[in-house]
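Structure first, commentary second.
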Amino acid sequence: MSEGTEAEGPGPDARARRPGLPPGQRARREHRPVHYGRVPSFRPERWDFRVFGATESLGTYGWSWEEFSELPSVEEVRDFHCVLRFTVPDVRWTGVRTSDLVRWAPPSPETTHVMVWGEYGYSANLRIDDFLADGVLLATHRDGEPLSPEHGYPLRLVVPQLYGWKSVKWLRSVEYMVGDRRGFWEERGYHNRADPWGEERFSDQESPEDGPPL
């Protein structure tokens with residue numbers, strides 16, 4: 001993986017573990033799930049998860065739902081920051097570490113970013129450093145229970161150091177990329193990086209180095 005993708009300031013691991021709330025946020029113990037489009041139906045016999053793009057082997061990796069369910073999982077307790085100015089403290093997530101995923105499906109050394117894909121073509125882009133940061137999970141459970149359909153069942157990404165739109169629900173694939181390109185909301189005016197500690201909410205706040213032009 002390429003060096004030099006880290007932004008100035010604290011790295012993603014440090015941001016995820018800062019005490020207190022990011023600027024402009026208020027704590028809520030629960031929230032109504034926010035999403036674009038309808039909640040998809042889950043058909044386990046047809047579901048699969050793929051890793052593709054700039055892989056080390058130039059091939060595609062895939063798991064059925066049965067195979068994915070057998071992967072080793074861990075538990076992480078992290079705050080969840082929504083761009084709508086609320087934070088849910090101490091959410092307990094269970095899932096597969098992204099750092100384990102890249103051991104099973106290695107990216108090429110040139111990989112700098114990923115595009116994370118959900119159902120219906122929803123997408124969000126991440127720097128590889130943020131994708132591999134401490135606490136980032138492919139989550140199957142929330143607070144000890146399987147994800148509800150509204151929260152992304154059966155699988156969602158959880159990126160605790162970034163605003164919640166980067167934590168893609170109804171996750172289906174990860175694409176390794178050798179350059180950056182914008183995802184769904186990033187093309188529609190949201191900030192390309194989404195660091196809550198810098199209040200990176202909207203694209204008009206971006207500097208040229210924050211991402212590709214709109």
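The values are calculated or read from the model by the stated rules, or taken from the named source; none is laboratory data. It should be emphasised that the depicted structure is a prediction, and the values quoted were computed from it without experimental measurement. No Cβ is skipped: glycine too gets one built from the backbone with ideal geometry, and neighbour counts run over all protein chains shown. Side chains are part of the model used for accessible areas, which takes the heavy atoms of the whole protein and leaves out ligands, DNA and RNA. Shrake-Rupley method; radii C 1.70, N 1.55, O 1.52, S 1.80 Å.
Does the range 157-203 hold any residues that are within 17 Å of TRP117 (Cα to Cα), without any contact (Cβ under 8 Å) to a residue 60 or more places away in the chain and within 15 Å of the chain's Cα centre (by Cα), and which are they?
LEU157, VAL159, LYS166, VAL168, ARG182
Can you find, within the range 105-142, the residue that is surrounded by the most Cβ atoms within 10 Å (Cβ to Cβ) among those that are part of a helix (DSSP H, G or I) and modelled with pLDDT of 95 or more?
The qualifying residue surrounded by the most Cβ atoms within 10 Å (Cβ to Cβ) is ASP130.
If GLU145 satisfies all but one of (1) among the acidic types (Asp, Glu); (2) under 18 Å from PRO33 (Cβ atoms); (3) open to solvent by less than 20 Å² (accessible area, probe 1.4 Å), what's the number of the condition it fails?
That leaves (3) as the condition not met.
Please return the ranges of strands (runs of 3 or more DSSP E) entirely within the range 35-86 where 2 or more residues are surrounded by 14 or more Cβ atoms within 10 Å (Cβ to Cβ) and among the small types (Gly, Ala, Ser).
61-64
For the subset of the range 163-184 comprising residues that are touching a His at 6+ places or on another chain (Cβ under 9 Å) and part of a loop (DSSP other than H, G, I, E, B), which member is surrounded by the fewest Cβ atoms within 10 Å (Cβ to Cβ)?
GLY179
Can you find, within the range 185-211, the residue that is farthest from PHE49 (Cα to Cα) among those that are open to solvent by 30 Å² or more (accessible area, probe 1.4 Å) and in contact with a strand residue (DSSP E or B) (Cβ under 8 Å, 6 or more places away or on another chain)?
PHE202
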